[in-house]
Each structure stands twice: as structure tokens, then as C-alpha cells.
Amino acid sequence: MKRFHMHVAVDDLQQNIRFYSALFGMRPSVEREDYAKWMVDDPRINFAISARGHQPGVNHVGIQVESDAELKEMRVRLIEAQAPVLAQREAACCYAKSDKYWITDPQGTPWETYHTLEAIPVFGEDANVPPTAQPKACCPAG
């Protein structure tokens with residue numbers, strides 16, 4: 001089953017944790033000094049915020065999948081969108097290691113489709129991605 005994902009850059013992490021915890025009726029499932037994530041079932045969303053120096057606002061959106069087969073299916077859909085697709089294997093970002101595909105919609109919003117492989121102890125940087133790949137997204141910036 002797929003889960004909608006949204007990542008918002010914020011300027012005050014604690015203020016936003018209080019706000020979104022009230023909005024979702026729950027505390028974050030992951031909370032670090034620069035990042036928080038809620039895995040909400042109603043509505044089914046993976047909602048993340050980070051305070052890492054990016055312009056406040058929507059950083060990127062996406063679809064999280066639960067298997068490699070679902071990720072392959074999403075790759076086909078991205079190719080059908082007729083925009084360049086950026087692949088990442090075992091990308092370290094947002095305190096997780098994931099296989100990902102990135103695409104940019106016609107408005108310039110980065111979209112990430114990904115399968116999380118495991119949690120990791122650092123935010124990560126995805127240093128193997130060219131800096132121009134998706135300049136607005138948290139993870140692909142170089």
C-alpha cells in the first residue's frame with residue numbers, strides 16, 4: 001500500500017512540532033534536533049519537517065511504497081510522465097536509507113517515489129546526486 005509523503009522546510013522546528021502534533025493528534029514517530037516525521041494513518045501520510053537552512057515551505061512531495069515491486073511500478077508511471085527521472089539506490093536522507101526515483105512536475109515541484117530500506121542515525125546528504133538534479137528538494141541538493 002502506498003502512502004502520500006510531504007516534506008516541509010521550517011524555520012522553527014519546535015514551534016512546528018507543536019503545531020503539527022496538534023493538527024495530527026499525535027507526536028512525531030521520529031524526532032531529531034533538525035527533523036521530525038509523523039506516520040499518520042488517517043489520512044495516510046508520511047509528513048516530515050526539517051530545519052536545515054532551506055527556504056521555508058513545501059520542500060518536496062512524493063509517494064512512499066512498501067516494496068521493491070511497488071517502486072518498480074512507480075518508476076514506470078514516472079517514465080510515462082515524460083520528464084527526466086533521477087534514480088538513487090540506497091540513498092541516505094532524512095534518517096533513512098532508501099531506493100528512490102525523483103521527477104519534477106510542470107510547476108517545478110520535486111516529487112520523490114521511494115522504498116525505505118532501513119533507519120540510519122544521521123540525516124544524510126545524498127552526496128552522489130548532481131547539485132542541479134532537484135535544487136528545491138531536501139535530499140538531492142549537493
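Listed values, structure above:
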item: Residue in segment 57-79 that is touching a residue at least 12 places away in the same chain (Cβ under 8 Å), closer than 30 Å to Asp11 by Cβ and more than 14 Å from the chain's Cα centre (by Cα) present; result: no
item: Matching residues in segment 18-39 - criterion: being aliphatic (A, V, I, L, M) and surrounded by fewer than 18 Cβ atoms within 10 Å (Cβ to Cβ); result: Ala22, Leu23, Met26, Val30, Met39
item: Pick from segment 47-76, criterion in contact with a Ser or Thr (Cβ under 8 Å, 6 or more places away or on another chain) and surrounded by fewer than 18 Cβ atoms within 10 Å (Cβ to Cβ), ranking: farthest from Phe4 (Cα to Cα); result: Arg75
item: Given (1) touching a Lys or Arg at 6+ places or on another chain (Cβ under 7 Å); (2) surrounded by fewer than 18 Cβ atoms within 10 Å (Cβ to Cβ); (3) more than 20 Å from Leu117 (Cβ to Cβ), number of the condition Glu90 does not satisfy; result: (3)
item: Residues (under 24 Å from Pro28 (Cβ atoms) and either outside any strand (DSSP E or B) or in contact with a Pro (Cβ under 6 Å, 6 or more places away or on another chain) (or both)) located in segment 85-101; result: Cys94, Tyr95
item: Out of His60, His54, His7, sole residue that is in contact with a strand residue (DSSP E or B) (Cβ under 6 Å, 6 or more places away or on another chain) and assigned to a loop (DSSP other than H, G, I, E, B); result: His54
item: All positions within segment 12-40 that are closer than 25 Å to Glu118 by Cβ and either part of a loop (DSSP other than H, G, I, E, B) or polar (S, T, N, Q) (or both); result: Met26, Arg27, Pro28, Ser29, Glu33, Asp34
item: Single residue of Ile79, Ile49 found to be touching a Leu at 6+ places or on another chain (Cβ under 9 Å) and outside any loop (DSSP other than H, G, I, E, B); result: Ile49
item: Candidates Lys97, Lys136, filtered to the one that is within 14 Å of the chain's Cα centre (by Cα), modelled with pLDDT under 80 and surrounded by fewer than 20 Cβ atoms within 10 Å (Cβ to Cβ); result: Lys136
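The values are calculated or read from the model by the stated rules, or taken from the named source; none is laboratory data. For clarity, every value in this text was computed on a predicted model and none was experimentally measured. Note: ideal-geometry Cβ built from the backbone for every residue, glycine included; neighbour counts use all protein chains shown.
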